[in-house]
């Protein structure tokens, strides 16, 4: 059996576990979807209020920004669905010594930690975000080409990977301090920046930091621009791909370095 | 005599609360600082919107500096009054049966929680003041200080009242744990409404008149929006009116909290046997 096939089989088993777990608490599962939907509606309401006062923010029209909010939510929900719980639990694995057990399994440990649980409700929320994107695209009378769709999918993966890499890197800090939880929540706060139209930011330290250090202003803006067909696109796509590569490499290097220094929590 | 005893008892709770939360200073500092970062982004978006208007243009009566001051003050009020973990702790106390020990002792749980809330807020504010001052200095050209001395008396009063209403809302939400196994989703749903109706996301003046009317029938605007307006010295006519409504919600909150607690306890004992 090939490596890829083996990992796909493992991931399938992890999915089955997650489904069984979630279905034990059905009403709770539905309520969490409602919570997320409410917050999504709040973001959309905020933009509606802003566009009650103006027709354009930094060159972005109302429906373009609604599409952006949809894309940003889409990416955030997919990230939450696949990675958030797992990354959050890393410090718990270190504290309880469960990590030792995972290190012994004949699977790549980072793979196992990153993909252990799947948050199914977030997939449903991602679908709601997709509906908003679709509706905004209708309002804008967009006709994306097949190439644009492929491009959109690719940059979405890059965006999710940026969130995942940074969050994993921050969680790896759990090896030296147990209180990494606060840092993770803090980073999750910054997701709020991702849904703001990049055009509203002129040159300045804010824009530089959130483009080249924590690329929040690229994560959702670039995929949205791909659908919208903004002219400055190719260089922006290149930049997002580069940043996602850098973020992933940084998190992998830090992870390996931390593992080398790791001396179990138990006994 | 009983008053003196009560004071002694609950001032110990306050001190213990302060000692316990002091551990989280670094955590609080980080939390307070990081929450200002997205605000920086929101303000930048507002700047861009104002940039497209003619010089000195206003939006719903706010100049650019008025708008920036509004968001800053809302953040200050939030640092002073927001519940952090109080609701989770109360719900956990009920779920895990920890409130039984309070029923056996001459300690009133509501007063006890209120003391912990106040001490928690005191510590949080003393830490959060650092990033907030730095942030205000950074925006000093756009920040509007009150011009009338009386505001320095009225603003703290409105914040205190708003904080107490906030506490009672959180307390009531947490008491739902008597009836529901998991209240976290309910707390989050409530919080979503609070976030928009208390004027966190944007000043309520931006909403259509009908919606504003509906929101002003709830206690939410009196948590942060109203204190911010007091600080900005707007709405001078109905000022006394606003304080009266704050007081009314405070009384309602208190009565509801007492009532819900006694109803909940009936259920609690029946479950616990």
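A Förster radius of 30 Å combined with the Cβ-Cβ distance from residue B:134 to residue B:19 puts the calculated FRET efficiency at roughly 0.65. Between residue B:85 and residue B:213, the contour length at 0.36 nm per residue exceeds the Cα-Cα span by 43.0 nm. Which one of B:186, B:232, B:172 has the biggest mean-square fluctuation once chain B is modelled by GNM with Cα springs under 10 Å? Comparing B:186, B:232, B:172 in a Gaussian network model of chain B, the most mobile one is B:186. Across A:158, A:224, A:45, mean-square fluctuation computed from a Gaussian network of chain A (C-alpha pairs under 10 Å connected) peaks at A:45.
Helical runs (DSSP H, four residues minimum) scored at -39500 (n - 2.57) apiece and divided by the length of the protein assembly as shown put the mean residue ellipticity at 222 nm at -24500 deg cm²/dmol. Angle of helix B:184-197 to the longest C-alpha principal axis of chain B, folded into 0 to 90 degrees and rounded to 10: 30°.
To the nearest 10 degrees, how steeply does helix B:64-81 sit against the main Cα axis of chain B, on a 0 to 90 scale? It is inclined by approximately 10 degrees.
Peptide B:186-199 is shielded by partner chain Cβ atoms: per residue, an average of 3 of them sit within 10 Å of its Cβ. Mean per-residue shielding of peptide B:38-50 is 6, counting Cβ atoms of other chains within 10 Å of each Cβ. Shielding of peptide A:31-39 by partners, expressed as the average count of other chain Cβ atoms within 10 Å per residue Cβ, is 4.
Could you state the number of Å between the C-alpha centres of the stretch B:66-84 and the stretch B:122-168? Using only Cα atoms, the two centres lie 7 Å from each other.
Derived from the Cα gyration tensor, the three semi-axes of the equivalent ellipsoid of chain B are 36, 20, 18 Å, largest first.
Below 8 Å, C-alpha to C-alpha, sequence gap of six or more: please give me the relative contact order for the stretch A:3-261 in percent. For the stretch A:3-261, the relative contact order is 26 percent.
Once both labels are positioned 7 Å from their Cα atoms along Cα-to-Cβ, the gap between residue A:15 and residue B:8 label points is 6.7 nm. Working from label points 7 Å from Cα in the Cα-to-Cβ sense, the residue A:143 to residue B:258 distance is 7.1 nm.
With a Förster radius of 56 Å applied to the C-beta separation of residue B:147 and residue B:103, the computed FRET efficiency comes to 0.60.
Quick check: Cα centre of the stretch A:50-112 to Cα centre of the stretch B:176-226, how many Å? The two parts, judged by their Cα centres, are 26 Å apart. Any chance you could give the angle, 0 to 90 degrees and rounded to 10, that helix A:62-79 forms with the longest Cα principal axis of chain A? Roughly 10 degrees between the two axes. Taking the square roots of five times each eigenvalue of the Cα gyration tensor of the stretch A:181-267, the equivalent ellipsoid has semi-axes of 32, 16, 11 Å, listed largest first.
Readers should treat all values here as calculations from the given coordinates under stated rules, not as data from a laboratory. On a predicted model such as this, the values are computed, not experimentally measured, just so you know. Using ideal geometry, Cβ is built from the backbone for each residue, glycine included, and neighbour counts are taken over all protein chains shown.
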